[in-house]
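One structure is given here, and the rest of the page talks about it.
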Amino acid sequence: MTVEEVELDEPGPGEVEVLLAASGVCHSDWNVITGATANPLPAVLGHEGAGVVGAVGDGVDTVAEGDHVILSWLPACGRCFYCSR
């Protein structure tokens, strides 16, 4: 595994670009590294992290450029019954 900079397209509708300051490598990432989980390579791992919103796509209204955010593997809308609990 290596840490590298990648070039991304501008965020599309509903997408957010996060400039990562920290990223974790969890067990599912480790499974990709060791080959225990089949995954096409190369891949960008480290789906748990923290950073600052660099850009937002059309329709994004919950975060704005410059907001500090955390990333999680568990999607959360923040509004439904389960998320609000």
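The values are calculated or read from the model by the stated rules, or taken from the named source; none is laboratory data. It should be emphasised that the depicted structure is a prediction, and the values quoted were computed from it without experimental measurement. All Cβ positions, glycine included, derive from the backbone under ideal geometry; neighbour counts span all protein chains shown. Calculation scope for accessible area: heavy atoms of the full protein, side chains included, ligands and nucleic acids excluded. Shrake-Rupley method; radii C 1.70, N 1.55, O 1.52, S 1.80 Å.
For region 54-73, indicate whether the set of residues that are of a type in the set (S, T, N, Q) and either surrounded by 14 or more Cβ atoms within 10 Å (Cβ to Cβ) or modelled with pLDDT of 85 or more (or both) is non-empty.
First, the residues of region 54-73 that are of a type in the set (S, T, N, Q): 62, 72.
Filter once more, keeping what is either surrounded by 14 or more Cβ atoms within 10 Å (Cβ to Cβ) or modelled with pLDDT of 85 or more (or both): 62.
Yes, that holds for at least one residue.
Which of the residues spanning region 54-68 are in a strand (DSSP E or B) and more than 11 Å from GLU17 (Cα to Cα)? Steps first, please.
Step one: of region 54-68, the residues in a strand (DSSP E or B) are 54-56, 68.
Answer for region 54-68, where residues must be in a strand (DSSP E or B) and more than 11 Å from GLU17 (Cα to Cα): just HIS68.
Name the pairs: first residue in region 31-47 and without any contact (Cβ under 8 Å) to a residue 40 or more places away in the chain, second residue open to solvent by 80 Å² or more (accessible area, probe 1.4 Å) and of a type in the set (A, V, I, L, M, F, W, C), Cβ to Cβ under 7 Å, at least 6 apart or on different chains?
ILE33/MET1; VAL44/VAL6; GLY46/VAL25; HIS47/TRP73
Select from region 16-32 the residues that are open to solvent by less than 70 Å² (accessible area, probe 1.4 Å) and more than 19 Å from PRO75 (Cβ to Cβ) and list them in ascending order.
Applying the first criterion (open to solvent by less than 70 Å² (accessible area, probe 1.4 Å)) to region 16-32 yields 16-18, 22-24, 26, 28-29, 31-32.
Residues satisfying the conditions are ALA22, ASN31, VAL32.
For ALA50, are the conditions met, namely being part of a strand (DSSP E or B), modelled with pLDDT of 90 or more, surrounded by 10 or more Cβ atoms within 10 Å (Cβ to Cβ) and touching a His at 6+ places or on another chain (Cβ under 9 Å)?
Numbers: part of a strand (DSSP E or B): yes; modelled with pLDDT of 90 or more: yes; surrounded by 10 or more Cβ atoms within 10 Å (Cβ to Cβ): yes; touching a His at 6+ places or on another chain (Cβ under 9 Å): yes.
Answer is yes for this residue.
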